[in-house]
Ligand SMILES: [Zn+2]
């Protein structure tokens, strides 16, 4: 195993041990946690901004997606901790918030009575091997038992990597994503007639979610919703 993966897993092991020993760790910064909900320290709590499509950084989210926090301040830090450090307390905090928003009927479609199939936005095998995990899959894995819904980690697969999609027009982003996703090993069988909740850590332009939704709808999915922990501008 290369040195970078050893470091990631070492950090994950240390954080898991701290949690096992009931040391409260702040999911936002990894320091000793605060008394607030989920153990956020006071600084991180102050830096966590609820995402509101009306006043948030983007001109308006996709009508069928929902995000909880803005991808800045604590929100951005938590996504990076989940993505690069595989921090268990951070992943747990994000998943708990996502589950709560589903149960509180905050999703655009209103109450989501189960069962919906949880499908994480996939990483390419190369990226997943390099990182050691897919943070969207980890979130979906934590959500499934909380909601009692099925998990479909191999429903979609990423066929190739794409450059960062923050820049460029909508058309350019769509053309970059063309052919980037495909159906997983179970093909249309796993998708046909299912109601599917797409899971990602962050929505930036919305183009990735749109590309995944189009593959699933093309394969016969009955309905698609999208849920991310954070949203950045341009959604
Ligand atoms: Zn903190």
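What full-extension length gain, to one decimal in nm, is calculated for residue 169 and residue 2 as 0.36 nm per residue of separation minus the Cα-Cα distance? Before the final figure, lay out each step's value.
On the way: separation 167, 0.36 × 167 = 60.12 nm, distance 3.78 nm.
Gain on stretching residue 169 to residue 2: 56.3 nm.
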Rounded to 5, percent antiparallel among DSSP beta bridges of the chain:
20
By counting other Cβ atoms within 10 Å of each Cβ, how are 102, 196 ranked from fewest to most?
102, 196
Could you check the simple spin-label distance between residue 160 and residue 185, using points 7 Å along Cα→Cβ, in nm with one decimal?
2.5
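Compute the Cα gyration tensor for region 46-152, then decide on rounded, prolate or oblate, letting a ≥ b ≥ c be the square roots of its eigenvalues: rounded whenever a/c is under 1.5, prolate when a/b is larger than b/c in the other cases, and oblate in all that remain. Kindly include the intermediate steps, with their values, before the conclusion.
Working: a/c = 1.63, a/b = 1.11, b/c = 1.47.
It comes out oblate by the Cα gyration axes.
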Would you mind classifying region 49-231 by shape? Square roots of the alpha carbon gyration tensor eigenvalues, ordered a ≥ b ≥ c; an a/c under 1.5 is rounded, otherwise it is prolate if a/b is larger than b/c and oblate if not.
rounded
Residues 169, 90 in order from fewest to most other beta-carbon atoms within 10 Å are 169, 90
Along the Cα→Cβ direction, 7 angstrom out, place labels at residue 106 and residue 9. What is the inter-label distance in nm?
3.5
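Each reported figure results from applying straightforward, stated rules to the coordinates on display, with no laboratory input. Since the structure is predicted, the reported quantities are computational estimates derived from the model, not experimental observations. Cβ sites come from the backbone with ideal geometry, for glycine too, and all protein chains shown count toward neighbours.
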